[in-house]
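Undergrad: I am attaching a structure below and will ask some questions about it afterwards.
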Amino acid sequence: MVLLGRWSLNVVPCPVCKGTVIGVAIDEDSISNAPRVPVLVPANCKKGHAVILFVDGPFAIRDGEAAGDAAQLEGKKSSLDRA
């Protein structure tokens, strides 16, 4: 859904507790003008877990990870590359 240049993203399961991540809105410009997609979008689930959502060009959530897991570890592909 689009509201004055902001997109409301779909409800997705929390990667930590399998609850729901809801109410995430993103500015249209942050996706359409991004130098690289997917774009990382911080969010919280209903229970307060910090998550990172990977949002692609058509404003679809491609993947989600716990915020602590989204950090790149030496010798492993980054979360962005895996998405």
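Undergrad: Considering only residues that are among the charged types (D, E, K, R) and in a strand (DSSP E or B), which ones fall in the range 1-56? Even if it seems obvious, please write down each step before you answer.
TA: Within the range 1-56, the subset among the charged types (D, E, K, R) is 6, 18, 27-29, 36, 46-47, 56.
R6, D27, listed by residue number.
Undergrad: Out of the residues in the range 28-43 that are under 13 Å from the mean Cα position of the chain (by Cα) and of a type outside the set (G, A, S), state the one that is nearest to A67 (Cα to Cα).
TA: First, the residues of the range 28-43 that are under 13 Å from the mean Cα position of the chain (by Cα): 30-31, 37-43.
Subsequent filtering for residues that are of a type outside the set (G, A, S) retains 31, 37-42.
Numbers: I31: 20, V37: 18, P38: 16, V39: 14, L40: 10, V41: 10, P42: 8 Å.
Of everything passing the filter in the range 28-43, P42 is nearest to A67 (Cα to Cα).
Undergrad: Can you run down the residue pairs with Cβ atoms below 8 Å, 6 or more apart or on separate chains, where the first is in the range 4-32 and under 13 Å from G48 (Cα atoms) and the partner is loosely packed, with under 14 Cβ neighbours inside 10 Å and among the hydrophobic types (A, V, I, L, M, F, W, C)?
TA: From the range 4-32, the pairs are T20/V11; V21/V11; I22/V11.
Here is a yes/no grid of residues against (1) in contact with a Ser or Thr (Cβ under 8 Å, 6 or more places away or on another chain); (2) of a type in the set (A, V, I, L, M); (3) surrounded by 15 or more Cβ atoms within 10 Å (Cβ to Cβ); (4) at positive phi:
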site: W7; (1), (2), (3), (4): no, no, yes, no
site: S32; (1), (2), (3), (4): no, no, no, no
site: R36; (1), (2), (3), (4): no, no, no, no
site: A43; (1), (2), (3), (4): no, yes, yes, no
site: H49; (1), (2), (3), (4): no, no, yes, no
site: I52; (1), (2), (3), (4): yes, yes, yes, no
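Undergrad: Would you mind telling me which numbered condition in (1) on the phi > 0 side of the Ramachandran plot; (2) loosely packed, with under 15 Cβ neighbours inside 10 Å; (3) in contact with a helix residue (DSSP H, G or I) (Cβ under 7 Å, 6 or more places away or on another chain) G57 fails?
TA: The single condition G57 does not satisfy is (1).
Every number here is computed from the coordinates shown, using simple stated rules; none is lab data. Source: prediction; values computed, not measured. Using ideal geometry, Cβ is built from the backbone for each residue, glycine included, and neighbour counts are taken over all protein chains shown.
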